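Structure record follows, encoded as structure tokens.
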Amino acid sequence: MIEPSRLAAFIASRICHDLISPVASVNSALELLEEPGDADMKAQAEQLLHNGAESAGARIQLLRYAFGSAGLSNTAADRHDVRRIVEGFMKSHKPSIEWNIETEHFSCGHARVLMNLVIMATSSIPRGGVVTLTVANDEHGLRVAADAKGPKARLSGFTETILAGGTPEEGWSAHTIQPLFAKMVASDLGGEITATAAEEHVSFVAHGLRAEG
């Protein structure tokens, strides 16, 4: 597997990587606002500042839930809050989002699994498309799925390897660590994650999760 200290280091690096783009936009906007210029340039800088700050805030909220302590509780999650966090995160990415939650049991832990699936599903359709989130009970427990449909949809080799219990050929890094963390989060709830790929379609499913919340 991987040593806890290396896992923590790679997760921290992954979070920083996800925040680089919006934070850089904020810095660029502030530099533009400090320079002399016409009203149109100032208006563009203010819009860039607003967009960057909004994107950074949305990403922080989802990453805090997906990787941090916010998702550790086994109490019932606030579904409206979870939806707001996910939709805020998706606004700074190309895919749109659709929802289908059909269960009475939806804990903070389940929301944490869902958000990790959102990250993987969004990454699998970088050209845009639709991510459909489904939460439902079946005979094996709770099932959480993220179906990504879009042009050039692709399940990365390292994600497939990690979810199958292997070590990625390219080694552990900030780029490859998230599927392992998602697998660990699902395992904490007694479940596992599988992934399948077809033409323009990648599906991530966490199944066998304990019903709680």
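The values are calculated or read from the model by the stated rules, or taken from the named source; none is laboratory data. This structure is a prediction, so every number in the text was calculated from the model and none was measured. Note: ideal-geometry Cβ built from the backbone for every residue, glycine included; neighbour counts use all protein chains shown.
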Residues of region 109-148 being crowded, with 20+ Cβ neighbours inside 10 Å and over 18 Å from residue 87 (Cβ atoms), in sequence order, are 109, 124, 142
When region 143-175 is checked residue by residue, the ones that are of a type in the set (Asp, Glu) and in contact with a strand residue (DSSP E or B) (Cβ under 7 Å, 6 or more places away or on another chain) are 147, 160
A careful count of residues in region 87-121 that are assigned to a helix (DSSP H, G or I), within 17 Å of residue 15 (Cβ to Cβ) and not charged (D, E, K, R) gives 7
In region 174-213, anything touching a Phe, Trp or Tyr at 6+ places or on another chain (Cβ under 8 Å), small (Gly, Ala, Ser), assigned to a loop (DSSP other than H, G, I, E, B) and buried (at least 18 other Cβ atoms within 10 Å of the Cβ) is listed as 213
If you go through 54, 31, 46, the only one that is closer than 27 Å to residue 181 by Cα, of a type in the set (D, E, K, R), part of a helix (DSSP H, G or I) and without any contact (Cβ under 8 Å) to a residue 40 or more places away in the chain is 54
For region 92-113, pairs from a residue that is aromatic (Phe, Trp, Tyr) to a residue that is part of a strand (DSSP E or B), with Cβ under 6 Å and 6 or more apart or across chains, are 99/133
Within region 122-152, residues among the acidic types (Asp, Glu), under 16 Å from residue 190 (Cα atoms) and either touching a Pro at 6+ places or on another chain (Cβ under 8 Å) or in a strand (DSSP E or B) (or both) come out as 138
task: Tell me, yes or no, whether region 60-77 has at least one residue that is in contact (Cβ under 8 Å) with a residue 24 or more places away in the chain, assigned to a strand (DSSP E or B) and more than 22 Å from residue 177 (Cα to Cα).
output: yes
Expected output for region 134-146 (first residue hydroxyl-bearing (Ser, Thr, Tyr), partner surrounded by 12 or more Cβ atoms within 10 Å (Cβ to Cβ) and at pLDDT 90 or above, Cβ below 6 Å, 6+ apart or cross-chain) is 134/145
Given (1) loosely packed, with under 12 Cβ neighbours inside 10 Å; (2) modelled with pLDDT of 95 or more, residue 9 misses just (1)
